[in-house]
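The structure appears right after this line, and notes come after that.
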Amino acid sequence: MLNQPIFKISEKLAFLTTADRELTDRALLVQPGIGGSQIIVENDGTMDTDVNLESLFELVTTRPDVIESLFNSQISNRK
């Protein structure tokens, strides 16, 4: 479903823990947690975060449309 190197994933997605409502509202995935929600947002190129594999798996399995739009269109453009 997603065959990309980790550095490509972190270029497109940012993995954060936040209580910021604005970030949570625009998140691609929100998982409630202690100290705030674990979220994934599109990376605008300004964030350097570690890839959270558990959250990434959840995003890939529940939102394949997001993965398709962010990653597979990039692959199609190279052909």
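Only the coordinates and a few stated rules stand behind these numbers; no lab work does. Just so it is clear, the structure is predicted and the values come from calculations on it, not from any experiment. Every residue, glycine among them, receives a Cβ derived from its backbone with ideal geometry; neighbour counts consider all protein chains shown.
Some notes on this structure:
- Our estimate of slack between Asp50 and Asn72, defined as 0.36 nm per intervening residue step minus the Cα-Cα distance, is 5.8 nm.
- Electrostatic bookkeeping for Ser37 treats Lys and Arg as +1 and Asp and Glu as -1; over the other residues with beta carbon under 13 Å from its beta carbon, the sum is -2.
- q = 0.18, 0.27 Å⁻¹: log10 I(q)/I(0) that the Debye formula gives for segment 6-78, counting C-alpha atoms only: -0.68, -1.39
- Helix-only CD estimate at 222 nm, as mean residue ellipticity for the chain, using -39500 (n - 2.57) per DSSP H run (n ≥ 4): -9500 deg cm²/dmol
- Rounded to the nearest 20 debye, the dipole magnitude of the chain is 320 debye, with +1 charges on Lys and Arg beta carbons, -1 on Asp and Glu beta carbons, and the Cα centre as origin.
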